[in-house]
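Coordinate-derived values only; no laboratory data. Quick caveat: nothing in here was measured; it's all calculated off a predicted structure. Here Cβ is always computed from backbone atoms with ideal geometry, including for glycine, and neighbour counts include all displayed protein chains.
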Amino acid sequence: MAIAQIKNLQRRLANLEEEATAEITRACGHELWLSLGFDALDTLEDADRRARANYYYGQLQTVRELMDALG
């Protein structure tokens with residue numbers, strides 16, 4: 001893969017990471033989940049918010065794994 005393609009992919013992954021983080025924070029209503037981790041998402045009482053937070057947490061984990069693989 002060309003260097004330009006890798007840089008472009010890294011930029012897009014960073015954008016996805018920011019989006020996922022913002023959506024999880026919005027679903028939780030606070031940023032405490034950053035220090036508490038995945039367990040904080042399961043404590044959300046509203047099923048829709050919990051589902052949205054879990055979806056974006058999965059996206060966030062995927063993005064981070066891809067970023068680690070790219071280096």
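Here r is the Cβ-Cβ distance between residue 70 and residue 38 and R0 is 30 Å; the resulting FRET efficiency, rounded to 0.05, is 0.80.
Between 30, 3, 60, the Cα set farthest toward the positive side of the dipole of the chain (charges on each charged residue's Cβ, about the Cα centre) is that of 3.
Around the Cα centre of the chain, unit charges on the Cβ atoms of Lys, Arg, Asp and Glu (plus for the first two, minus for the last two) sum to a dipole of about 360 debye. Report, in deg cm²/dmol and to the nearest 500, the calculated mean residue ellipticity at 222 nm for the chain, where each DSSP H run with n ≥ 4 adds -39500 (n - 2.57) and the sum is divided by the residue count. So the calculated ellipticity at 222 nm is -26500 deg cm²/dmol.
Can you give me the relative contact order of the chain as a percent, contacts being Cα pairs under 8 Å and 6 or more apart? Please report the intermediate quantities before stating the final value.
Details: 49 pairs, mean separation 29.0, N = 71.
Relative contact order, the chain: 41 percent.
Over the Cα atoms of segment 6-61, each weighted equally, I'd like the Debye log10 I(q)/I(0) at q = 0.21 Å⁻¹, rounded to two decimals. So the normalised log intensities are -0.70.
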